[in-house]
Every structure is written in structure tokens, then in C-alpha cells.
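Chemist: I'd like to ask you about the structure that follows.
Each value in this text was obtained by applying a stated rule to the coordinates, not by laboratory testing. These numbers come from a predicted model, not from an experiment. Cβ placement follows ideal geometry from the backbone for every residue including glycine, while neighbour counts extend to all protein chains displayed.
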Amino acid sequence: MSTGIDKTGIKIGMWLFLYSEILLFGGLFVLYAAYFYKYPEFFSEGGKELNRVIGAVNTVVLLVSSFTVAASITAVQRKAKKQAIGLLIFSIFCGVVFLVNKYFEWGAKFHHDIYPNSETLVSGEVGLNIFFGLYYVITGLHGLHVIIGMILLSISLVLVMAGKVTESKYSMLENAGLYWHLVDLIWIFVFPLFYLVL
Amino acid sequence: MIKTESFYDTPAPAGLTGIKAWLLTHDHKRLALMYMWAILFWFVIAMMFGLLLRTELMSQGRTIMGPEVYNSLFTLHGVIMIFLFVIPAIPAIFGNFFLPIQLGTDDVFFPRLNLFSWYLFMFGGVFALISLFTGEGFPDTGWTFYVPFSVEANSNVSVTVMAAFILGMSSMLTGLNFITTFHRMRDKNMGLMQIPLFTWSLYATAWVQILATPVISITLVLVVVERLFSIGLFEPDKGGDPILYQHLFWMYSHPAVYIMILPGMGVISEIIPVFSRKSIFGYKAIVWSSMGIAVAGSLVWAHHMYTSGMSDVSVFVFSLLTFLVAIPSAVKVFSWIATMHKGSIEMTPPLLLALIFIYLFSVGGLTGLVLGAVGTDIHVHDTHFVVSHFHFVMFGGTGFAFFAALHFWWPKMFGIMYEFKNAYIGAVLTAIGFLFHYVPMFILGLQGMPRRYYDYLPKYETGNFLAGFGGYLLCLGILIMFGNLFMSFKRRIPAPSDPWGATTLEWTVPSPPPVHNFVKKPQIKEFPYDFSEVGKREKNGEKSRKIL
Amino acid sequence: MTPVQGVDQAFWYILGFSTLLLFGITAVMIYFVIRYRRSKNPVASDIRGNYFLEIVWTIIPTLIALSMFYVGWTSYIGLRTVPENAIEIDVAGQMFSWLFVYENDKETENELVVPLGEAIKLNVTSLDVLHSLYIPAFRIKIDAVKGMETYVWFSADKIGEYDIQCTEYCGTGHSAMLAKLRIVPESEYLKWLEEE
Amino acid sequence: MDSQKNNHILSYTTLALVLGLLLVLTGVTVGVSYIDLGFFNVPVALAIACTKVTFVLLFFMHLRYEGPIINFSFIGTISFLLIMIGFIFFDVAFR
């Protein structure tokens, strides 16, 4: 590339990657749709067993972190390095909070003998088994993406600190941000689909 | 002519030497060659597996192997051919090499990502190898990995599935690279309707790769998850629905058919005009049909499932859509043939292979109509008819397009010419062997011989024997063809920059191209297939190449 | 018209048209290669397209394709519309054999016996992985899926012995998962049905 | 390469407003979930989720300021996903 860095191009590449992520989850949502149609009553029964408060808290946590990530880009563009660093650290912290919440939530479920292939699920209603099966697969995959997102944000954080991400060259941070927002987007759908189905 | 240093002499990034200059390179041309050797290796392996399978079937009962080995071999033949040959062959080799040149630029947009894709490809291949020698034995589920069998099988399915996952990722990242290159690095003077058709077909393919591949990724992940945690998402006893697996699987794997064939069509769209010395007929129609195939091809996946027990409504819708998808392919075939009308046709090995492609692909496409129509599909579904049909498309189509591309671009990639006579012999023998190999399978299928059968009823023996015989002929043909190409390394007859009298940009640069592809700024033609100057050049007594 | 005839007609229709098209394409292609070879026609004409022709060869194949769809679909309806008085037999696939259960609970393995002149409806399911019941002589095939019941029907209109094969890959013994269909006169069938 | 004109800097205020809206919508969707709307439970929840997602996309992800390539391809991706989910029902709903 002889004519300098093409930020738009990099962004297009990132978006293309995000499309593939959307469709990765899309496959699971296809399953969700089909099984929801098949077992609506069990989905609402299963939904009531999930803790709506933890779900809502996690939604808020992710939304706030999305905001701080977006704000950190603004900060970088305005050459406010300290602000940017602070905002990024806070975002990563939000990711940790999300995962800790998730850990307690899963832990409680495990405690009640609700986990893949557990006695309760296998001998219970098949609809519930499918609901929790999907729940674990989707939130598990989502959790994995939260971790990847945190890693990307951490890399960006280091680069911001090292002065490698600047107001004229911030593609890394921008892309990490896009990834983080995607994680948020998926959660925005996961939350009502699992916690709020009635 | 000024002598320029080819990319073989200049490492990229600069300063690398020896093997490092290859293994750490960002140069799309070097990567293309590295892909080529890896892909040829896999092709030969899978071809040998195929030959062993057909040898086993030549006579009834046990011939050379037992059913377990047979089942593993057809699984591996399928997995390797699909994921390590047919899908990557044309995009990864010729796409990587020529897409940037045809767009008038020096590399793909993300060169390092390109190298990473290559490593993923190799890594996936290694994974496939590992699955053979570890665990409970060879994977034996068929390349479709249908549940519940793939979840229950004791064999080493998880590792094979992960190999397919990694290979999918590699192909997706290549697609991502192509799209970005297409939009951001195209020469400023090149409008959308001035782009060569090969590049257009890769662009359409790349979209399918990006949008469809993740679906198979998640499906394969689910297979592994089921094997590890037995959640039961596809297990009827636990409320799952095995047919949903098939939907997810074919949501990728049908579009994947277009990932396989579209680049091949692109190759043919380059070759036919060059040797007819005449503009492609209906350039825009071909571009639109490429995009049309990419879009509509994603809507017909369930036509693999007429007998699966899905609803009749679904059968109706998907059958109807399937017939509509047939149209863009037909348009392409007509356009290629119309291109030759009133042309000035010079027979060369690439053209001969392209003509064979048109014939074999037409057979494949037309027999596809039998499979698209519901009533007839019920009879021949999962029989040898299907086996033959998709080999006509995948091998007669993509395979021959790959051979044609090799012969077409060989002089450009290596800067040397191969011998024509042996190339003709190889091509003709391959084609005859091909017909001997697969036509009996059509008949076997119509008679009702199922696929993936280790043994069969006595009435099918003649057909199977003939097919096996054809298989040997086919392999012999391929051997001659490849042998002839490799002999060119020994004879080293230098190739000029434009041996065929072609018009697209890759023929304006030296053979082999220098590291940044263009020595001077590329001249973008108003229309990529304008042959008016080529004819003039020849009239002035300029011979493009020696007659071989 | 029996379903078998319907399917065969569809085959003839589609294969006939296909052969015609293939012949046309190939003949024209070969003719062009010979007629316009460079030694005979050194200068090519510069033709880049013809909208009329392109529209024609889009519309006509579309119509042909739709007619093929129609033929295929109507023959499929024949395969799916079971006559009311059909004899129902339950079929279960398992690794690696077929089980047939009659209305009086008689159970056989790999042997399906039916009376001449009746319509037979087979209700198919699976006990383990996917299988597929295929009787080539009657052009019927349906997957056996665990937890689900699918059906096929055929009209037993000719005495004889026919092959039943499994067409959904199911493991080591897949190709050995064969059964026989015997169509026998009604009296013989009734006698057979009462045998232990 | 065309120059980088779309260096949009979003002010903190805009971002905060969007966040506020998202939080309100979260509250609404949780609140609504306690009311049984019968058939409309899922459509309402999804409609709110889609609204939230739209805001995240347009502002946090700067989709509002991107060129046609990203915009069109994004819409294409979503349509593809919707078609996949929709076409499944030709089977699931009629089986």
C-alpha cells in the first residue's frame, strides 16, 4: 500500500468480519426460532427460571461499556489520551463484571442441577432441555466473545498507552470497539429472548 | 524489452532469505504458489482414495478392503476434495495470484491476513491428517456429518469437524480480503463495468464465503458440543430435531456449491474470449448472472432434503426456487457459446479444456433438473445418480476449469511454456475417462443403486465395473496432464508476457510478474475484452509466441 | 395413472428436454469451433451482445424450467396422496435391518409381504440413526427419522419380489441393510399373516 | 484512495443521550415483560430490541456516517439472516 493507510478499507474489512460473526450467531437464532415455535410454553417456563435481575444488570453493564468504548474513540480523536485510557479501563472492567455475573448465574443453575445432560434436564420435559441447551450454547458462545472482546480492548489499551493509537491512526481501537459493540448487539437480543419470554 | 526482476527474485517483505522468503511472505503471488502445491498434494491424495473406492466396487463382495475402511475412505475423499481442493482451488491459487493484477494493484488489501489464511489452510490440513492417526479410528460419517450418526459414532469425528471449521475460516478470510481489495484497491480509472469477469466471479464468491461459511462453522461447532456435552439439540429423545441439523448444514453447503463453481465459470469467461479473439458476449449479463447465482443460490438449500421428512410446503417452495436458480447458469453457457460465433478461434489446450468444461458442466446442470424436480428426485436421491451429477458439476465443472486455468495462466505464473501435444492427449484422455467413469453411474442411479454402498446387488455389477475402468483411464489422463506441465520446468521454454493475445491486465506485465506486479502505471481499457488492438498487432507481423 | 407412471413420465419429460438441449449446445459449440477457426476466419467480428437474444434465452429456459417443475411436482403429489383404503404397515429402521409390524402385531425382519391389488401405506420411523427406505421398483423413498413418523405408499399391482434398500448412510452395515418386498395373492397373504 | 473525509467525531453528549435512551428502553422492555400481552409478548420484546440495536448501530458503531458499501452490505447481511430464519418455517410450521 503505497498511498498511506486506508482507514475506510480497514473498516470495511472489519465489518465483513462482523457479518460473519452475526451469521455465526444467526445459525443459533435459526435454531432458537424453530424450537421456540415447537415448544413455546416450555420456553416461557424456562425463561421464568432465569434471573431477570441479573439479566437486566448485565444488559446495563454492557450498554454502559459500549458507551464508554464509543466515548474512548471520541477521546482519542480529541487527543485526550488520559480520558481514553480511563474509559477503556472502565470498559474492560465492565466486561469483568459481566463475566462474574454470568459465573454466578451459571453456578446457581448448576447448583440446581440444570446444566447440559444433567439428571433434571434429561429426565424432565424435553422442551425445557432444549431451552436450557440453547441457553448454555448461546450464552456460552457469547461469553467467549466477551472474553475475545476484552482481549482486543486490552490490546487497544496498551497501544493507546504506548502512543501507537493516535488521533490520526486509531483503526485498531475502532475495530476493537466495533467488535465490542457487536457483542453488545447480540446480548440485546439474547436478553429478551431468554430472560423475558412469557 | 527491459528485463525486470520477477517476484521469484525479490522477496516481500524485503530482506527475507531462503525458506523464510516463502513462509513469511506477504506477496500474494508467492502465497498463491504455496497454496498451489498444498492443494495439488491434497488433490492427488483424495484422487487416490477415490480410485481405491472404485476399485473396491469393481466386483461384488470384498475386493480390497472391508466396510469400515471403505466408509472412512469415502468420508475422507469427500472432506478432502471439498474443503481442501474444490473450494480453495481456484480462489486461493488463481484468485490470489490474479485478482490484484486484474484490478491493477500490487497486492491484496490485507497481505498479512492473507498469509494467516494460508497458515489456517495448512493447519486445517494438518488437523485432517491428525484425525486419521489418533483417537478411535478414521472418521466414517460421510462428509455431511449427519446427526445423530455423527454424534454417536465412535470414530474420530470431532477432530475432522474442527479441521473443516478451520478450513472454513481460512476460506472466509480470503473472501474478506478479496472484497476489500475489490472495493478499495482497484485502479482509480477502473469502473465497475471495466472489471474482468474472473474478478467479478471471485467477488460474488467472496460474498457467499463470508455470509454462508459461518453457518457451517456454527453447525460443526454444535456437532462437537453435542459430542462433548450431549445437550441433545438434535437428539429426538431430548426434544431435538435432526432435520434442523440438515437445514443448517445445507444452508452453507448448498451455497458452497456456488463457492465451488462460480470461480470456475469466471475462468471460462476469461478463456473463451481470448481464444476466440472476440469480446465476451453479454458482459453485463454474465456479471449479473454471477451475482444472481450468488444471491439465489443461497435460497435453495432444502432441495437436498426432499426425502428427509420435511413438510410438503417446504418441498414445493424449494423445488420452485431451484428451477429459477438454473436460469443464470444457462445464460452463462449460452453467452460462452455465442462468444465463439463469428470469432477467430485458435485451438489451444486451455480452450480445449474450456470446451470440455462447457460440455461436462451442461450435463451436470441438466441432470440437476432431474434432481430439482420433486417426483424424479425422490427416486434418484442418494443414489449413484446424485454422485454422478455432482461430480459432473464439481469435477467436470470446477475440476476442468481448474485444469484450464492451470494451462491458461501457467506461462504467466512460471514464465515458461509447456508442450501442447501432450497437453491435448492428457485433456482428451481425462475427458474420455471421465465419461467412462461417471456415465455408468447415471445408469446405476436410475436403476436404483444407492450411494455410499460398500457392496451392492448383483444387477449393478456391470455398471460398477465400467465405472472403475473409467476411473483408471481418468487418473491416467490427469497423470499425463500434470506430468506434461511439470516437464516444462525441465525444458524451460521462456514464455512472453502475452502468449495468447489476451487483453486483461495480467497479460501486460512480464511473465513471471515483478514483485509489485506493474512496472509502469497500468493502462485501463474502456472495455476489458476489447480485442481490436490484438488483431492489429498480429497484422504488423508481431508473433505472440512460437508454435509449440 | 399410477404414481410410478407419473414419475416415469416426469423422467422422460425432463431427460428428453435435457438431451435435446445438450445436443443443441454441443453441436453449435463444435460447429462454431470448426467454422470460425483462425485459419478460416482470421479476423473476428466485434459483437459484444444482443439484448433481444439475451432476453429470449432467459425467458425460454425459464418457461421450460417452470414446466419441468410442474411435471415434477404433480408426480410428487401422486406419491403423497394415499388412497383411503390403504393397508397400513409400520416400518422401523435400525442398525442394520428393517422391521415391519402389521396391524395384527405380526412382526417381521427384512421381509415385507403384501397382498396383490391393494394400496400399501408404510409408516416409517427409526430406532437409532437416520435411515431411508427405498423401493426402486415403486419409485418411493423416505427417510426414517427417530422421534418422527414419515410415510410412503405404493400400489401393489404386480406379483413378484422387489428389493428394499437403505439409502441414508447409517454406518458399517449400511449396504447390507437390505430387505425384500413380496407381493402375493390375497389368499396367500392372509394365510401368511396368521402364521407365527 | 479517496481522502478520509468521514472522520466523524461524536460528542460525548450525543453518546450519553444515546446511552440514556438505551437504558430507558431496557427498563421498558423489562417492565413490559411483567405484563402478559398474549401473542404480542415476543413481537413487542423484539421490536424494542431492534430499536435498541438500531441506535447502537447508528451511533456507537458510526453506521450513520459510513459509505454505501458498508450500509448496503449490512442490510444485505441482515436480509440474508432473516431469509434463513423465515425459510426454515416453510418446513417447521407445516410439518
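Chemist: Filter the stretch B:126-148 down to residues that are closer than 24 Å to residue B:212 by Cα and over 25 Å from the mean Cα position of the chain (by Cα), then give me how many there are.
Modeler: 2
Chemist: Every residue in the stretch C:1-19 that is more than 14 Å from the chain's Cα centre (by Cα) and of a type in the set (Phe, Trp, Tyr), please.
Modeler: C:13, C:17
Chemist: All but one of (1) within 14 Å of chain B (Cβ to nearest Cβ); (2) over 19 Å from the mean Cα position of the chain (by Cα) hold for residue A:162; which doesn't?
Modeler: (1)
Chemist: Okay, moving on. Somewhere in the stretch A:62-78, is a residue part of a loop (DSSP other than H, G, I, E, B) and among the basic types (Lys, Arg)?
Modeler: Yes.
Chemist: Inspect the stretch D:29-52 for any residue being in contact (Cβ under 8 Å) with a residue 24 or more places away in the chain and surrounded by 13 or more Cβ atoms within 10 Å (Cβ to Cβ) and give the result as yes or no.
Modeler: The first filter runs over the stretch D:29-52 and keeps only residues in contact (Cβ under 8 Å) with a residue 24 or more places away in the chain, leaving D:51-52.
Subsequent filtering for residues that are surrounded by 13 or more Cβ atoms within 10 Å (Cβ to Cβ) retains D:51-52.
Checked against the condition, which is being in contact (Cβ under 8 Å) with a residue 24 or more places away in the chain and surrounded by 13 or more Cβ atoms within 10 Å (Cβ to Cβ), the stretch D:29-52 yields at least one hit.
Yes/no matrix, rows are residues, columns are (1) surrounded by fewer than 19 Cβ atoms within 10 Å (Cβ to Cβ); (2) in contact with a Lys or Arg (Cβ under 9 Å, 6 or more places away or on another chain):
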position	(1), (2)
B:31	no, no
B:40	yes, no
B:56	no, yes
B:67	no, no
B:72	no, no
B:77	no, no
B:90	no, no
B:108	no, no
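Chemist: Taking residue B:348 as meeting all but one of (1) buried (at least 24 other Cβ atoms within 10 Å of the Cβ); (2) in contact (Cβ under 8 Å) with a residue 60 or more places away in the chain; (3) among the polar types (S, T, N, Q), write down the number of the exception.
Modeler: So residue B:348 meets the others, but not (1).
Chemist: Within the stretch C:151-173, can you find the residues that are crowded, with 21+ Cβ neighbours inside 10 Å, in contact with a strand residue (DSSP E or B) (Cβ under 6 Å, 6 or more places away or on another chain) and within 10 Å of chain B (Cβ to nearest Cβ)?
Modeler: C:152, C:165, C:166, C:167, C:168, C:170
Chemist: Of all residues in the stretch A:122-156, which are over 20 Å from residue A:28 (Cα atoms) and more than 19 Å from the chain's Cα centre (by Cα)?
Modeler: Matches in the stretch A:122-156: A:122, A:123, A:124, A:125.
Chemist: Does the stretch C:96-104 include one or more residues that are buried (at least 21 other Cβ atoms within 10 Å of the Cβ), more than 11 Å from chain B (Cβ to nearest Cβ) and not small (Gly, Ala, Ser)? Show your work before the answer.
Modeler: At the first step, the residues of the stretch C:96-104 found to be buried (at least 21 other Cβ atoms within 10 Å of the Cβ) are C:98, C:100.
When the remaining residues are screened for being more than 11 Å from chain B (Cβ to nearest Cβ), the result is C:98, C:100.
Right, trim to not small (Gly, Ala, Ser) and you get C:98, C:100.
Yes, the conditions are met somewhere in the stretch C:96-104.
Chemist: Now for a different question. So how many residues does the stretch B:65-86 have that are more than 14 Å from chain C (Cβ to nearest Cβ) and in contact with a Leu (Cβ under 7 Å, 6 or more places away or on another chain)?
Modeler: Total meeting the criteria: 2.
Chemist: Only one residue in A:133, A:127 is touching a helix residue (DSSP H, G or I) at 6+ places or on another chain (Cβ under 6 Å) and within 8 Å of another protein chain (Cβ to nearest Cβ). Which one? Please lay out each step first, then the result.
Modeler: Values: A:133 fails: touching a helix residue (DSSP H, G or I) at 6+ places or on another chain (Cβ under 6 Å).
The match here is A:127.
Chemist: Might you check whether a residue that is within 14 Å of chain C (Cβ to nearest Cβ), out of contact with any helix residue (DSSP H, G or I) (no Cβ under 9 Å at 6 or more places or on another chain) and in a helix (DSSP H, G or I) occurs anywhere in the stretch B:476-496? Can you show your working first?
Modeler: First pass over the stretch B:476-496, keeping only residues within 14 Å of chain C (Cβ to nearest Cβ): none.
No.
Chemist: Inside the stretch C:123-167, can you point out the residues that are among the charged types (D, E, K, R) and in contact (Cβ under 8 Å) with a residue 60 or more places away in the chain? Don't jump to the end; show me each part of the working.
Modeler: Residues of the stretch C:123-167 that are among the charged types (D, E, K, R), as a first pass: C:128, C:139, C:141, C:143, C:146, C:149, C:157-158, C:161, C:163.
Hits for the stretch C:123-167 are C:139, C:157.
Let's see how each residue does on (1) without any contact (Cβ under 8 Å) to a residue 12 or more places away in the chain; (2) buried (at least 16 other Cβ atoms within 10 Å of the Cβ):
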position: A:103; (1), (2): yes, no
position: A:129; (1), (2): yes, yes
position: A:158; (1), (2): yes, no
position: A:171; (1), (2): no, yes
position: A:180; (1), (2): no, yes
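Chemist: A follow-up question, please. Would you be able to say whether some residue in the stretch B:92-112 is closer than 28 Å to residue B:227 by Cα and assigned to a helix (DSSP H, G or I)?
Modeler: First, the residues of the stretch B:92-112 that are closer than 28 Å to residue B:227 by Cα: none.
No, there is no match, as no residue in the stretch B:92-112 is closer than 28 Å to residue B:227 by Cα and assigned to a helix (DSSP H, G or I).
Per-residue answers, yes or no, for (1) farther than 30 Å from residue B:523 by Cα; (2) more than 25 Å from the chain's Cα centre (by Cα); (3) part of a loop (DSSP other than H, G, I, E, B); (4) in contact (Cβ under 8 Å) with a residue 24 or more places away in the chain:
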| residue | (1), (2), (3), (4) |
| --- | --- |
| B:154 | yes, yes, yes, no |
| B:158 | yes, yes, no, yes |
| B:167 | yes, no, no, yes |
| B:174 | no, no, no, yes |
| B:182 | no, no, no, yes |
| B:188 | no, yes, yes, no |
| B:200 | no, no, no, yes |
| B:209 | yes, no, no, yes |
| B:251 | yes, no, no, yes |
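Chemist: On to the next question. What is the number of the single condition among (1) in contact (Cβ under 8 Å) with a residue 24 or more places away in the chain; (2) in a helix (DSSP H, G or I); (3) within 14 Å of chain C (Cβ to nearest Cβ); (4) touching a Gly at 6+ places or on another chain (Cβ under 9 Å) that residue B:237 does not meet?
Modeler: Of everything listed in (1) in contact (Cβ under 8 Å) with a residue 24 or more places away in the chain; (2) in a helix (DSSP H, G or I); (3) within 14 Å of chain C (Cβ to nearest Cβ); (4) touching a Gly at 6+ places or on another chain (Cβ under 9 Å), residue B:237 misses just condition (1).
Chemist: Additional query: Residues in the stretch B:377-389: is at least one out of contact with any Gly (no Cβ under 8 Å at 6 or more places or on another chain), surrounded by 24 or more Cβ atoms within 10 Å (Cβ to Cβ), part of a helix (DSSP H, G or I) and more than 7 Å from chain C (Cβ to nearest Cβ)?
Modeler: Checked the stretch B:377-389: no residue is out of contact with any Gly (no Cβ under 8 Å at 6 or more places or on another chain), surrounded by 24 or more Cβ atoms within 10 Å (Cβ to Cβ), part of a helix (DSSP H, G or I) and more than 7 Å from chain C (Cβ to nearest Cβ).
Chemist: Out of B:438, B:418, B:453, I need the residue that is aromatic (Phe, Trp, Tyr), under 19 Å from residue B:64 (Cβ atoms) and either touching a strand residue (DSSP E or B) at 6+ places or on another chain (Cβ under 9 Å) or away from every other protein chain (no Cβ under 14 Å) (or both). Which one? First the steps, then the outcome.
Modeler: On the way: B:438 fails: under 19 Å from residue B:64 (Cβ atoms); B:418 fails: under 19 Å from residue B:64 (Cβ atoms).
Among B:438, B:418, B:453, only B:453 is aromatic (Phe, Trp, Tyr), under 19 Å from residue B:64 (Cβ atoms) and either touching a strand residue (DSSP E or B) at 6+ places or on another chain (Cβ under 9 Å) or away from every other protein chain (no Cβ under 14 Å) (or both).
Chemist: Do we find a residue being of a type in the set (Ser, Thr, Tyr) and in contact with a Lys or Arg (Cβ under 8 Å, 6 or more places away or on another chain) anywhere in the stretch B:386-403?
Modeler: Looking only at the stretch B:386-403, we keep the residues that are of a type in the set (Ser, Thr, Tyr), and these are B:388, B:398.
Going one step further and asking which of them are in contact with a Lys or Arg (Cβ under 8 Å, 6 or more places away or on another chain), we end up with none.
Looking for residues that are of a type in the set (Ser, Thr, Tyr) and in contact with a Lys or Arg (Cβ under 8 Å, 6 or more places away or on another chain), one finds none in the stretch B:386-403, hence no.
Chemist: Can you give me the ranges of the strands (runs of 3 or more DSSP E) entirely in the stretch C:91-196 with at least 2 residues that are within 26 Å of residue B:385 (Cβ to Cβ)? Please lay out each step first, then the result.
Modeler: Values: elements: C:97-101, C:107-109, C:111-115, C:119-126, C:131-135, C:140-144, C:150-155, C:160-166, C:179-184.
Strands (runs of 3 or more DSSP E) meeting the threshold: C:97-101, C:119-126, C:131-135, C:140-144, C:150-155, C:160-166, C:179-184.
Chemist: Same structure again: Looking at A:18, A:28 in this structure, which one is touching a residue at least 40 places away in the same chain (Cβ under 8 Å), at the interface with chain B (Cβ under 8 Å from one of its Cβ atoms) and either among the polar types (S, T, N, Q) or assigned to a helix (DSSP H, G or I) (or both)? Reasoning before the result, please.
Modeler: Values: A:18 fails: at the interface with chain B (Cβ under 8 Å from one of its Cβ atoms).
Step by step, each of A:18, A:28 is checked, and only A:28 is touching a residue at least 40 places away in the same chain (Cβ under 8 Å), at the interface with chain B (Cβ under 8 Å from one of its Cβ atoms) and either among the polar types (S, T, N, Q) or assigned to a helix (DSSP H, G or I) (or both).
Chemist: Does the stretch B:324-336 contain any residue that is part of a loop (DSSP other than H, G, I, E, B), in contact (Cβ under 8 Å) with a residue 24 or more places away in the chain and at the interface with chain C (Cβ under 8 Å from one of its Cβ atoms)? Full working, then the answer.
Modeler: Let us first name the residues in the stretch B:324-336 that are part of a loop (DSSP other than H, G, I, E, B), namely none.
Checking the stretch B:324-336: not a single residue is part of a loop (DSSP other than H, G, I, E, B), in contact (Cβ under 8 Å) with a residue 24 or more places away in the chain and at the interface with chain C (Cβ under 8 Å from one of its Cβ atoms).
Chemist: Are there any helices (runs of 4 or more DSSP H) wholly within chain D with 2 or more residues that are more than 14 Å from chain B (Cβ to nearest Cβ) and aromatic (Phe, Trp, Tyr), and if so which?
Modeler: Passing ranges: none, list empty.
Chemist: For the stretch C:1-46, how many residues meet the condition of being under 18 Å from residue B:358 (Cα atoms), of a type in the set (Val, Ile, Thr) and within 7 Å of another protein chain (Cβ to nearest Cβ)?
Modeler: Summing the residues that are under 18 Å from residue B:358 (Cα atoms), of a type in the set (Val, Ile, Thr) and within 7 Å of another protein chain (Cβ to nearest Cβ) in the stretch C:1-46 gives 4.
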